[in-house]
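Here the structure is laid out as structure tokens; the discussion comes afterwards.
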Amino acid sequence: MEQSNEYQLSREIIARSNATTWDEAKLEWDLAAIYHQDEPETCLCGHFPIIEICVLHNRLNGNRAIVGNVCVKKFMGLPSERIFQAVRRIRKDPSRPLNAEAIEHAFQRGWINGWERRFYFDTMRRRNPSQKQLNKRLQINENVLKNVTRKWKDSANV
């Protein structure tokens, strides 16, 4: 990312924060949602196109910001890249397991329930899950993919 883009990102995040410095401002933000967009958007840093979208939530003032996955990973230190890695993996092969960050993200957003979360953690490292376990994994993975894929018209509902 160019330095001007980095500066624009920090300026935009500070403008939406209570803090007045980058180091303080970025601590106010949490990862609220992630999704893969079928129509590209523009990051707060000005970069276009972005399709791996992160919605950030400022826990102090309630503001939201749409930022690309690269900016979130590179400058804010939030776990979006690990979640997107898991999503890309199950897009290619729906029988592959999610990682811990993706499971926790799905649970925190209500995409999976407590039983499904425990099931996934209990079975995610099994090399040869039973057919029943594999079927349940496929069902959960399909649900996660459905929740992280947005159509352009849906992006306003974030």
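Numerical summary
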quantity	calculated
Over the range 3-78: Kirkwood hydrodynamic radius from C-alpha pairwise inverse distances, Å	12.2
D (Stokes-Einstein, µm²/s), Kirkwood Cα radius, the chain, 1.567 mPa s at 4 °C	78
Nitroxide proxy distance, nm - points 7 Å out along Cα→Cβ at I51 and K74	1.9
The chain - share of DSSP beta bridges that are antiparallel (%, nearest 5)	85
CD proxy at 222 nm, helix term only [per DSSP H run n ≥ 4: -39500 (n - 2.57); per residue of the chain; nearest 500]	-13000 deg cm²/dmol
Descending Cα extents along the principal axes, the range 82-150, whole Å	31, 26, 18
Inter-centroid distance (Cα atoms) of the range 46-93 relative to the range 104-144, Å	22
Charge-dipole axis of the chain as Lys and Arg at +1 and Asp and Glu at -1 on Cβ define it, positive-most pick from S17, N141, V87	N141
Around E41: net Lys/Arg minus Asp/Glu count, Cβ-Cβ under 11 Å	-2
Fully extended contour minus Cα-Cα distance, from F121 to Q133, at 0.36 nm per residue	3.1 nm
Exposure proxy order (Cβ contacts within 10 Å, fewest to most) of T42, T123	T42, T123
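Throughout, read-outs are computed from the coordinates displayed, never taken from laboratory work. All of these numbers come straight from a predicted model, not from anything done at the bench. Using ideal geometry, Cβ is built from the backbone for each residue, glycine included, and neighbour counts are taken over all protein chains shown.
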